[in-house]
Structures are given as C-alpha cells and as structure tokens.
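The values are calculated or read from the model by the stated rules, or taken from the named source; none is laboratory data. These numbers come from a predicted model, not from an experiment. Quick reminder, even Gly has a Cβ in these numbers, built from the backbone with ideal geometry, and neighbours come from all protein chains shown. The protein model used for the area step is the full one, side chains on, heavy atoms only, and it has no ligands, DNA or RNA in it. Shrake-Rupley method; radii C 1.70, N 1.55, O 1.52, S 1.80 Å.
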Amino acid sequence: MRQKRFLIRKLGGWLLILIAMFLLSACSRPEHFLKDSAYRRLVHRQFQKRAELARGRQQELFSVLKGLNQAEREALEFLYAFMPLSDLANLDGQYFLEQVRAAFQARQYFSWGRDIPDDIFRHFVLPYRVNNENPDRARQVFFEELKDRIKGLDMYRAALEVNHWCHEKVTYRPTDERTSAPLATVKTAFGRCGEESTFTVAALRAVSLPARQVYTPRWAHTDDNHAWVEVWVNGRWYYLGACEPEPELNRGWFTGPAKRAMMVHTTVFGQYSGPEEILQKTALYTRINQLPMYAPTTRLTVEVRDTRGAVIPGATVEFCLYNYAEFYPIASQVSDQQGQASVITGLGDLLVLAYKDNLVAWQKVTAGATDRLLLTLTEPDFSERQVDLDIIPPVARAVEPPDLAGVEENNRRLRLEDILRATYESTFINRDIAAIFAKEKGLPEDLTWKYLEASRGNWPEIIEFLYRLKPEEFSCGLGLLAALTAKDLRDTPAEVLLHHLRETPARDEKLDETTYLNYVLSPRVGRELLSPWRKYIKDKFSQAEKEEFKKNPEKIYSWIQARIQLDDSNYYQVPLLPQGLLQLGRADVYSMKVLYVAIARSLGIPARIDRATGRACYLNSGQWKEVYFGQESERPESPAKSRLSLKYEPVAGLPRPSYYSHFTLARFSQGRYRTLDYENQPALNSFPGELQVDPGHYLLISGNRQPDGSVLCRLNFFQVEPAQLKEVSISLRTSLQEPEVLGQFLPEAEVYDLKSQSGLKLSTLTASRSFILLLIEPDREPSQHLMGEIQALSGQLADWPGLVVVAVARDSLPASFEPTRYKALPPAARLVYDIQGHISGRLLQALGKEPAGLPVALACRAGGNIIFYSEGYRISTGEQLVRMLHWLK
C-alpha cells in the first residue's frame, strides 16, 4: 500500500511538471495578430506577391522584418500585402514598423483597445493611410497630444473630445486637389473637407478609435461633393462632421443633404467582409456602400444584352450622376455571367452607361420608380444631334430637430477653440517682420511678404529658403516660388526648394524666362508631393543617354516604356515620386507622365502635363509635342490639331456660362465620352472662345440648375474633323417663369450694425429697396461656403441698385470677428448682427416656420415679398441669387 501511495505521489509530481510545462509553453507561444488562420494565409500569400513586385526596393522596405515578434510581423505583412503601389515606392519599412508599434501602443494604453474586434482594428485603426494624402508621422504626434486628454473617458465621449481637439487645430477653407498630410493641415490651420476628414480620422486612429472617411462623390441636388467621418463606438458606427464638433454623434449640418444623396462610400484597406454592400472588391482594397445609413434607398439592377438578346458578361456598367455639368460615375460595376450589375442608390435620376468592345448603350433612369433596366449594346451613334434631359434629384426630407441639451456649452467651447486656433495663427510671421527681413536681405518687400503670408505655418521654411539665396539667385529663387501652388508654399521644406533651384540647368538663351520658370525650373508637375528628384535623375543616366534625350525627348518616353512596368495597383492614385518609381521599376500611367516631365526638366527640356488632355508634353521649336502613355487608343488617328470655337448668346436672367458650372466638353475614347479639363482655360473667359483640340467625336453637356436642385440638361453630340474649324453654340435651357411669392418678410427687426457699432432697424438699411438677406454663422459650414460664393460674385452684385445684407445669427458672432474678413463683398453691402434673434422671428412670421439650418438666403422685392428662399447646404446659392436680380429691379 505504501508503494502504491509512493507511485501515486510520484505520478502526481510528474503530472504537475507536465501541466507547468504546458502552461509555460502556452504562455510563451507567439501571439498572432491575424488570429484567423485562413485570413492569415491569405495575407501571407498576398504579401509574397507584393514583396516580389517590390524587389527593386528590397532593402528599403523589407529589412525591418528581421527580429520582430509574431504580432508585429503579421501586422507589417498585412500592411505590405494591401498597400497601394505609391507607398511601396515613396515610403520605407522603418516608417511602416513605427506605425505598427504606435498602433499597438495605443491599443494597450486605452481601456477600449481590448474591446475592439480584430477585424475592425486591422481595417480601421492599423492603416496609416486614410485616403489620397501623403502619409506622415501624425499617429505618434497626435497620440502624445491626446492621450492624457481622453484617458478617463469612454469611447463615445472620447470621440467627441477628439473632434473638439481637431477643431482647435483646423477649420474649413477650400484648397486644391492635392490632399495635404495631417501634420501639414495642422500647420496650415485650415483645409477642405477631404483634408479635415483625413486629419480627423488620423487623430481618432491615433488613440485607437476605429474610424473611416466617408464620401459622397457628388451630391445630386447641388454641384459639389463632401467628405465626413464615421467612428466605431461600442459595436456600431456613428457619423460626425470633421473639425465640426457637436454635443453628440450622428449630428452634422450635412444630415439633411445626406438624405438626398445617391451614394455614400468609403475605400477600406485590404480584403474586408463587413455587413455593408460591397461596391468593389479587389486583391488590395474593398469599396463599400454606406448610403443606407443616411438616406432612403433602392436597389437598381441593370441587365446588359446584345442586339440578338444574348446577355453580355464583363461589360462595364457606370451609374452616373449629373454634377459639375458632367455625368460622373458614382459607382462602376462589371456585369456578371447573367449580364447583370446592381447597386443600392438613392431615389433620384441617374444616367446609366454600359460599354464593352466598342459597343455602348445609355439611358436615364429614375431609381425608385423602377428597379430594373435593360441596356442593349450597339455601335456608338456618332450622328450630330441634341438630346434634352430633365434631371430630378431625391426630394428634400425633414431632419429631426436636435436635442438642445448641451448646445450652449458646445457653442461656448467652439468659441474658445476658435480663439485657441487664432492664437496659434498669431504666431505666423507678420508684415512688419517680413519687411525688415526683406530690407536686410535686399529682396522686394511686397513679393517677400506675398510668399511668407501664403506659407502660413510653414513660414520658417520659406524664410529659410529666402535667407539662403545668394544675390545672383534672387531672380530665379523668387521665380521658383511664383511657379508653386499655395499649398506647396504651406508644406514644402526649404531643402527641397534649394535642391530644385541649384540642380536645374541654367536657362538656354533661346528660351524665354516665363517658359523656363514654369516648365523647367518649377518642381510642380501635377498633383504629386514635391520631392528632390533632379540630382538622382541626372546621376541615373549616362552622359550619352542625357545627350540623346536632349536631342530627341521622345527617347525619354521610349526609355520609360522599355524599363518601367505598367502597374494598375495604385488604387488611391497618389503619384509615385520619381526616385522611388525608378527604384521600384513599376508605375501607373499618371506617375509615368510625372516621371517623363521630371526627367525632361532635369535636363533643361521644357515639359508639362497638359491639363485638358492629361497628356505629357515637351516643347520643341515653340510647339508642344505630346507623348502617349497607357493604351494606344488614346492617340488620335490624325496628329493634326483642329480648332473648336464655342459661342454663346447671352440670355437675360442667366449667368455667363463657366466650365464645370454650366458646361463641359468630352471626347469619345475607350468606349465612352471622357471629360476634358478646361476649367482654367483663358480662351473660355469670354465668348466666342477657341480651343485647339484633337479631331474626333465630342459631347458638349450644358446644364441649368434650378432652385429645387433639378437640372435642365442638354447633350450636344458633334464631330470635329482633322485640321478643320468647328463652331458649336453653348445653349442653356431656360425656365424663366416669374418666381412665385413665398411670403412677406417685414424688415422691422432690430439689428446691430457692425460698421457703425450701433443698433438700428433693418428697414432703415433697406429703405424701400429690393434686398438680399443672408443669415449666417461665420465660422461654421455651410455658411463659409455661401460667403465664399457671394464674395466671388461681388462684381455681378455691385451694379444692382438693391442691397445685400449679411446678418450674423444670434449667439454666432465669434469673439475675434473682424468685418474685414468679408472685404470682397459689394461696396454697398451691410454687415449686421442679429443680436436679439429678431430676424429668425420675422422668418417664422413670413414662412410659417423657423429655419431648419443655417445659412438662410432670401431675395425680397421692395415691400418684402420673398421670391427666393434657401436654407442649409446648397452650393451655387450665390448664383441662384444673382439670377433673381432679373426679378428684383
């Protein structure tokens, strides 16, 4: 018996040792970041493919993979597997490793980090990129700034607080198409909605709050688009206006407009399988449809057949929305084996286009009125003809009034945040200091101040550049700054500018100075981030190659075509920087064009990307010669240019047509009409305007947007013969019925005149005249949009005998407000403060309701009859008011 007990004790001891060894093994087992084994294998296979195509940058990208733990390696593989081509070319492995470690650090630091599901974390926290910005190290900077501020909050309150912090840093202002990085946006203190939302998503992800930028690619009821933010909190997605804090989530000035949207989507990093409708799924990204969260929807199914009735799989089907005087594809699908493609969309009009193998079909459809559409592909109809379409957007829908709890406190915080931002802006260099610097340096005072003022928070870099100029460099140095965009001045380091100044060949005496500055010295090619590429390019080629390129710039094209592989995986369309592109040996078409121009300019050859056609060009004997990248079908059949004369006969009550507002021009190529970009073409500043164009088949689209958001559209199809003159008239369809009287506004409201700083009655200002009244919140959207429009139209309002009154709404006057911010208003305009809210009361009397949202715009005849009223978000309200002048005489 004793021996038995001994054996039991011995076996028990061994059992304890085995258990301990098992537990120790379990504890030391590598922890997977990608816990689903099937998804882990998918990621690894995709990583291997990307690593193979990026072997030209093997050392720069993948050397950091040595010595990592399992979770870090899998997270890095996830990023490498799905990143766009531009990031493989422009960034390095150390950057990506820092992003992984910073994301893991934040997840551990905040209590909610452990509650975030793995798939939500990997798709909406870990990715370093939000959209088409140039990534930076904002994650680390924002984490340090925010961690203590939100540490004790729950996820919901933390999300609101991060947005308040974002508002302290950045406010809205329109900018150009290149999306600035989050840190550059903070340095500037303003950005357009795409930049505000990119910045806010970056801030939320920095503190391990899952976030994504959502985007309506085009509104249906007005000519614009918009981006905002969704944040994941405790198992569900909420929305918020970026840098526009509200007392609660799921509130924003765009709530009403979003109810009229036809599409809201986002691009998700990687292969994602969430509950949303998938618009497009590729090996690298997933585009999802979030419209049902915002608006009434319907599913529209399109079936594509041939003339014999057989279904056509593989046809491109585009669901196009009228906006900016073109039909823009808000979703693009490929027909399945049943010849079908479908999408969830809003309840309004679309033009659906299908094409394959040089066959095409299109038709206008009202989504919601019908759920199926049959398109029969045929040969394109190139006959000269005119087609009129009435485009009706989804109807405006009521928005539930917000809970007023917390509004007063939120408004108080907004005012304080405006002051904090203004305090930061006050640290920018001022004119007096700029003048002292310019005088000591021997630079022109006005030009020096022009560039320093425009550089905003980047002024130390611009002043460093100017300081390091040698006297013999003054002319070219200032010329280089003149060739940059305003955004370049705000985010380009001095070293990059000095590099381009000193690595550019001297001007050939046969070349005029303007051409040299804009097309040789300038580092700005397209929408790429400026980088120091000239020395690398010059060192890349032998002297013999460089001489050959200078003799015949077509040889640059041949070299690129032979050595750079075309790659369509650059899905965010951020241009590859020339140095990284040459190392990688792969590029998308646009980046090849940027490289072509960069090589040419590095060798002193004037080159550019033509804005209208998008083609790379070089200057030869005073003529711009085009080179063709991508599909050869882009090349016109005849090299001879033709002349297109656009005419317009003025119509009373309608504005002079402008490109992208009232008309666009498109040329048939690769199965569809493709819009040409003539937005800033001087030839179209007056009519008739003449353009040099390729021969071919063209479509002139014109549109007259009505106050309710509908559009009277006209399609004019015509052909331009080689080396011939073609005359075409722009005709805007008119609807000049006299506007109905909507109510009577009695201007007896007591207001405070901000110029004389005294109280008076509004009727004292209007003095029996017709008037336009704008009720605004100066520092908030969409009031800022409206005031930008009104100031841009100041010239058309200046000769009108009526009065423009801009009234700041009650409790909306910023502490730092200066009337000079609206210095571009018509000279006779008056700026007042609705200090007691009397204007809102008069609107209630006149219309039977209080405004649902600001800004409010109304046009009144003498006596107070209202013939135009708008509230909330609607682009081109200024233009609609100008049209009312015809009825306000």
query = What's the FRET efficiency of residue 407 with residue 114 using the Cβ-Cβ distance as r and R₀ = 41 Å, to the nearest 0.05?
reply = 0.75
request  = Just reorder 785, 44 by solvent-accessible area, largest first, 1.4 Å probe, all chains present.
outcome  = 44, 785
message = Can you give the local net charge around residue 176? Use residues other than it whose beta-carbon is closer than 10 angstrom to its beta-carbon, Lys and Arg +1, Asp and Glu -1.
response = +2
ask   = Local charge sum around residue 487 (other residues, Cβ-Cβ under 9 Å, Lys/Arg +1, Asp/Glu -1)?
value = -1
inquiry  = Checking the a/c ratio against 1.5 first, then a/b against b/c, what shape does the Cα gyration tensor give for segment 824-874?
reply    = rounded
request  = In debye, nearest 20, what is the charge dipole magnitude of segment 186-337 about its Cα centre with +1 on Lys and Arg Cβ and -1 on Asp and Glu Cβ, if you could check?
outcome  = 200 debye
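Taking R0 as 51 Å, what's the FRET efficiency between residue 385 and residue 765 from their Cβ-Cβ distance, rounded to 0.05?
Details: r = 52 Å, r/R0 = 1.02.
Working from the Cβ atoms, E equals 0.45.
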ask   = Which listed residue (614, 828, 121) has the Cα farthest towards the positive end of the charge dipole for the chain, taking +1 on Lys and Arg C-beta and -1 on Asp and Glu C-beta about the Cα centre?
value = 121
inquiry  = How big is the dipole moment of segment 148-274 about its Cα centre under a simple scheme where the beta carbon of each Lys and Arg is +1, that of each Asp and Glu is -1, and everything else is neutral? Debye, nearest 20, please.
reply    = 160 debye
ask   = What percent does the relative contact order of the chain come to when contacts are Cα pairs within less than 8 Å and at least six residues apart?
value = 9 percent
request  = Could you tell me whether segment 759-889 comes out rounded, prolate or oblate from its Cα gyration tensor? Rule is a ≥ b ≥ c as square roots of the eigenvalues, rounded for a/c under 1.5, then prolate if a/b exceeds b/c, otherwise oblate.
outcome  = rounded
note = In debye to the nearest 20, the charge dipole size for segment 459-528, taken about the Cα centre with +1 at each Lys and Arg Cβ and -1 at each Asp and Glu Cβ, equals 140 debye
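State the percentage of accessible surface on the chain attributable to carbon and sulfur atoms; use a 1.4 Å probe and exclude ligands, DNA and RNA.
C and S fraction of accessible area: 50 percent.
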ask   = Heavy-atom accessible area per residue, the chain, 1.4 Å probe: how many Å²?
value = 43 Å²
remark   = Contour minus Cα-Cα span, residue 724 to residue 482, at 0.36 nm per residue, comes to 83.4 nm
Candidate values [x] 35; [y] 20; [z] 16, label of the one derived for percent of Cα pairs over 52 Å apart = [y]
key: Added length on full extension, which subtracts the Cα-Cα distance from 0.36 nm per residue, residue 512 to residue 98   = 144.3 nm
key: Sum of side-chain charges, residue 862 neighbourhood, beta-carbon under 15 Å (Lys, Arg +1; Asp, Glu -1)   = +2
ask   = Accessible surface of residue 372 in the full protein assembly, 1.4 angstrom probe, to the nearest 10 Å²?
value = 120 Å²
ask   = So what is the 222 nm mean residue ellipticity for the chain from helices alone, if each DSSP H run of at least 4 adds -39500 (n - 2.57) and you divide by all residues, rounding to the nearest 500 deg cm²/dmol?
value = -10500 deg cm²/dmol
query = In terms of the Cα gyration tensor, with a ≥ b ≥ c the square roots of its eigenvalues, is segment 577-621 rounded because a/c is under 1.5, prolate because a/b exceeds b/c, or oblate?
reply = oblate
